[in-house]
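Everything on this sheet refers to the single structure shown next.
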Amino acid sequence: MKLIIFSLNPFDLEQTLKISKIFVENSSEIIGLTTKESKFKGFDKVYILNNNLTNDIYALLLKDIFDKERANVVIALHNKNHVDILAQFSSLKHLLMFTKVTNITPEKDVSLIEREVLGGSAVLSVRINKASYFSMTLENKKVEYLVANKTPMLFNYDVAYKSRIVVKEVKEKQKSESNLENAEIVIGVGRGFRSKEDLKLAYEIAEILKGAVASTRPIAADFKWMPENSWVGVSSKSIKPKLYIAIGISGAPQHIAGIKDSKTIISINIDKNAPIANYSDYFVVADLYKLLPILINKLKSIKN
């Protein structure tokens, strides 16, 4: 089996290799595709693509290299761009595609692939022949795996395809400075907050606890009070902090899917019947506007 690891970010290439260890151990050749040169380890070959292309062109280049190398499987970390590129590539090649795969288990002649469905309330398991052709995006996670200490051959690959996409304007998207995926403490904010200015209460708690601030979909996508990369849920990020404090969040299934792997969940909600109570280790029924100032003062006194 020949395996292709794809990443727009060269620094994620080795991490993707580690998560894909089940396939790595059964591959005759491991090929990387990325957009910049770096110190790559564990690959036989790495193709360097232009880093200023549209997703449809990346899909065509991926198809070219897949055919040239006679590869079997393409794997990338799960994010919006990778899903878009692999979807277009898989359509061109008529391949099976699996998104947001959470676990891969090797069996005798097959691989058991698992991914969450129905907003994280169920797991879909698929057994696929190890000789099959397919693509997948994997959920990022920490993996202890020693990558082979070999230096790959590097190839610059640039083919002049014409994109079907016409870029009219480029606007810088607002981004959160917090790294939610690696934060040990995350403060989540929901529609219990009445205004954007009131979010400063959550940010103050996060600053005291050295945590990060996340949001539900309405806060980021509808109200635009926070950057989209702060949005946690089934359609965006999944997080696994040691402590998640949900403030003014009712607990829609889509959001729960993104936080359910948190070690401890504390929720603050004025509604004693809020669904998030069913997923919380501690549930506080309170008006956040009355409780948070008291909590902030208490945390400050403990810190001092």
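The mean sequence separation of alpha-carbon pairs under 8 Å and at least six residues apart, normalised by the residue count of the range 10-159, gives a relative contact order of 32 percent.
Take the alpha carbon gyration tensor of the range 265-304, find the square roots of its eigenvalues, order them as a ≥ b ≥ c, and report rounded if a/c is under 1.5; if not, report prolate when a/b exceeds b/c, else oblate. Oblate, because a/c is 1.5 or more while a/b does not exceed b/c. In terms of Cα atoms, the Rg and Dmax of the range 2-156 work out to 14.6, 44 Å. Once the convex hull of all Cα atoms in the chain is built, its volume per residue stands at 156 Å³.
Amide H contacts under 5 Å for Ala246: Gly188, Ile266, Ser267, Ile268, restricted to partners 5 or more places along the chain or on a different chain, H placed in the peptide plane at 1.01 Å from N. Dipole magnitude for the range 2-156: about 160 debye, using +1 per Lys or Arg Cβ and -1 per Asp or Glu Cβ, origin at the Cα centre.
Relative to the dominant Cα principal axis of the chain, helix 80-93 is inclined by about 30°. Taking other C-beta atoms within 10 Å as the exposure proxy, Val117, Val189 rank Val117, Val189 from fewest upward.
Please give the Cα centre distance for the range 87-127 versus the range 193-221, rounded to the nearest Å. If you average the Cα positions of each part, the centres end up 34 Å apart.
Take every Cα pair under 8 Å in the chain that's 6+ residues apart, average their separations, divide by the length, and report that relative contact order as a whole percent.
About 14 percent, as a whole number.
For the range 176-246, lysine pairs with C-alpha atoms less than 23 angstrom apart, excluding pairs fewer than eight positions apart on the same chain, total 11. If one takes the longest principal axis of the Cα atoms in the chain, at what angle in degrees, from 0 to 90 and to the nearest 10, does the Cα axis of helix 288-303 lie? Its long axis makes an angle of about 80 degrees. The ellipsoid that matches the Cα gyration tensor of the range 180-300 has semi-axes, each √(5λ) in whole angstrom, of 18, 16, 15, with the longest given first.
In plain terms, the residue of Trp231, Trp225 with the fewest other Cβ atoms within 10 Å comes first and the most crowded comes last, giving Trp225, Trp231.
Under unit Cβ charges (Lys, Arg +1; Asp, Glu -1), what dipole magnitude, rounded to 20 debye, does the range 181-222 have relative to its Cα centre?
Numbers: 6 positive and 7 negative charges, 36 e Å.
I would put it at about 180 debye.
Any read-out appearing in this document is the output of simple, stated calculations on the displayed coordinates, not a laboratory observation. Source: prediction; values computed, not measured. Glycine also receives a Cβ, built like all others from the backbone with ideal geometry; neighbour counts cover every protein chain displayed.
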